[in-house]
Amino acid sequence: GTAEIGVTGLAVMGRNLARNFARNGFTVAIHNRSFAKTQSLVDDHGDEGTFVASESVEDFVASLARPRKIVVMVKAGAATDAVIDELVPHLDEGDIVVDAGNAHFPDTIRREKALRAKGLHFVGSGVSGGEEGALLGPSIMPGGTAESYQWLGPILEKISAKVDGVPCCTYVGPDGAGHFVKMVHNGIEYADMQLIAEAYDLLKQGLGASAAEIGQIFADWNTGDLESFLIEITADVLQHVDAASGSAFVDIVLDRAEQKGTGRWTVQNGLDLGVPITGIAEATFARALSGSVPQRTAALGTLPAHTTDWQVEDRAAFIEDVRLALYASKVVAYSQGFDQIAAASAEFGWDIDRGAMARIWRGGCIIRARFLNRITEAYERNVDLPLLLADEYFTGAVGNGVPAWRRVVAGAALHGVPTPAFSSSLAYYDGVRAERLPAALIQAQRDFFGAHTYRRTDRDGTFHTTWSGDRTEQDA
Ligand code: NDP
């Protein structure tokens, strides 16, 4: 065969990826379980490049040059296993199978192991940017063997998004590393969206502003440090008017946020690794609260608020406070997400370069943002940076906003505006910088009821106090 890359699974994502490869000059082998999708790709876009269409898996594999590079873009889960099982008998040693769907990283670890045992490369790759990204240039996060990246790198980097000429694609690390990083990306996306939603709510309640007015505030913010895809679309969405009702669009949308599950995976993994990713967790739970209909119904009009209407006097100062609080909370969410990547990297032996991850998220993906440059620079200053917030740039950028952040969170609490992500981010900030935490009391309680022992501030060792006896201290 002669095709340089193959794509199987030609629903919206696979179809657009295949077109992206073709438009970049690669000869693309295409295949889909049901041939109709393959046919329609050729009919609608066959003139965009060179496609080699096959009806059977056998012909599809045969149409590819070796080592074969096959991108699987099917429904994540059982379908991915089914497609891999179908492909494998036709492959030869050294061939490369890329799963570009949204796999859960433990599945990727399992699949990589199985294919490696057969002499094949399995590359779990995060792909972010939705339909449009797949077509015009996504952010690509490939895992797998370093050797496989020597073959894939030039092709994937060519079709990826570019920022300042730099591709938004790099080798992430072995087996599940690519899908893991994509998972954390999505978790951060949850936090980013929740923070933006809280900022919108604060402006709405504090200023009594309309959606369109708030949209204009976001549009202004998008010219500064907060410049990002999500802020940009927020301005657009808030200014959109519903044709049917003539109301602001956001005011007629039911206030229940759904989820497909990557936020949940991120939080579950944060718990497994013991990394406090409170921004992502609060964002995920906030979506769950929005959908808790029986509880919300029972609470509505029942739970006393004991608040008064919020009438902000200095509107410009308040808007600036919210902007600073949003920026600070956002840095906390990213700082926590990068801690999670570092913890997993150590746990699974992935050796992930966090600065490079921030670099490939600058374009193509949903969380693309100007400030990611700052994160890359921070990890370039110190690859082992223990806390992103403690980087010299961020101590300044966040530190300046702390008084505003406190005013906003206090105002929200006083006036009954729920800001779980803003509040928990500030609590994290104060917790992580505290000289002494009340955890001492918790450890003392644990020793009291469960003889779980404690360490002392004034000398080494592990101790237990005989609480139910004479309360002497013993070496444990
Ligand atoms: P879907 O997730 O809707 O999957 C449909 C595709 O899977 C079709 O090509 C279908 O073939 C194929 N398929 C399903 N079951 C099987 C099976 N048992 N055997 C063979 N083929 C099967 O497609 P999308 O394009 O929306 O998404 C593809 C992947 O990309 C998913 O993993 C998804 O999570 C991920 N995704 C990523 C996004 C991103 O921004 N990165 C956005 C959206 C999705 P057939 O036509 O024959 O039914």
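Table for the structure above
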{"read-out": "Among the listed pairs K37/K330; K182/K204; K69/K260; K162/K260; K75/K158, those beyond 31 Å (Cα-Cα)", "value": "K37/K330; K182/K204"}
{"read-out": "Bridge type composition, the chain - antiparallel percent by DSSP, nearest 5", "value": "35 percent"}
{"read-out": "At q = 0.17, 0.29 Å⁻¹, base-10 log of I(q)/I(0) for the range 303-360 (Debye sum, equal scatterers on each alpha carbon)", "value": "-0.72, -1.08"}
{"read-out": "FRET efficiency, 1/(1 + (r/R0)^6) with R0 51 Å, evaluated for S468 and K162 via beta carbons", "value": "0.15"}
{"read-out": "Low-density loop cleavage sites - GluC sites (Glu not before Pro) in the range 226-288, where at most 14 other Cβ are within 10 Å (DSSP)", "value": "E227, E258"}
{"read-out": "Rg and Dmax [Cα atoms of the range 106-181; Å; Rg one decimal, Dmax integer]", "value": "12.5, 40"}
{"read-out": "Whole-Å semi-axes of the chain's equivalent ellipsoid (Cα gyration tensor)", "value": "43, 31, 20"}
{"read-out": "The chain, relative contact order in percent, only Cα pairs under 8 angstrom and at least six apart counted", "value": "12 percent"}
{"read-out": "Counted charge near V52, where neighbours are those whose Cβ lies closer than 12 Å (Asp, Glu -1; Lys, Arg +1)", "value": "-3"}
{"read-out": "Relative intensity, log₁₀ I(q)/I(0), of the range 252-373 from a Debye sum that treats every alpha carbon as a point, q = 0.12, 0.17 Å⁻¹", "value": "-0.68, -1.12"}
{"read-out": "Equivalent ellipsoid semi-axes - Cα gyration tensor, the range 73-154, angstrom", "value": "21, 15, 11"}
{"read-out": "Solvent-accessible surface ranking, highest first, for W405, W265 at 1.4 angstrom", "value": "W265, W405"}
{"read-out": "Whole-percent carbon and sulfur share, accessible surface of the range 55-206, 1.4 Å", "value": "51 percent"}
{"read-out": "Percent accessible area from carbon and sulfur atoms, the range 373-420, protein chains only, probe 1.4 Å", "value": "55 percent"}
{"read-out": "1.4 Å probe accessible area per residue over the chain, in Å²", "value": "47 Å²"}
{"read-out": "5 Å binning of all Cα-Cα separations within the range 201-276, expressed as whole percents from 0 upward", "value": "3, 14, 15, 17, 15, 14, 12, 6, 2, 1"}
{"read-out": "Interatomic Cα distance distribution for the range 333-476, bins of 5 angstrom, percent", "value": "2, 8, 13, 13, 13, 13, 12, 10, 9, 5, 2, 1, 0, 0"}
{"read-out": "Accessible area of the range 231-317 belonging to carbon and sulfur atoms, whole % at 1.4 Å probe", "value": "56 percent"}
{"read-out": "In nm, spacing of pseudo-spin labels at D43 and L300 (7 Å Cα→C-beta vector)", "value": "4.7 nm"}
{"read-out": "5 Å-binned pair-distance histogram of the range 1-130 (Cα, whole percent)", "value": "2, 12, 23, 25, 21, 12, 4, 1"}
{"read-out": "Residues listed by number, the range 234-263, amide nitrogen under 14 Å from V293 label point at 7 Å toward C-beta", "value": "254-258"}
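The values are calculated or read from the model by the stated rules, or taken from the named source; none is laboratory data. From a predicted model like this one, the values you see are computed outputs, not experimental measurements. Cβ atoms come from the backbone with ideal geometry, glycine included; neighbour counts cover every protein chain shown. SASA here: full protein model, heavy atoms, side chains in, ligands and nucleic acids out. Shrake-Rupley method; radii C 1.70, N 1.55, O 1.52, S 1.80 Å.
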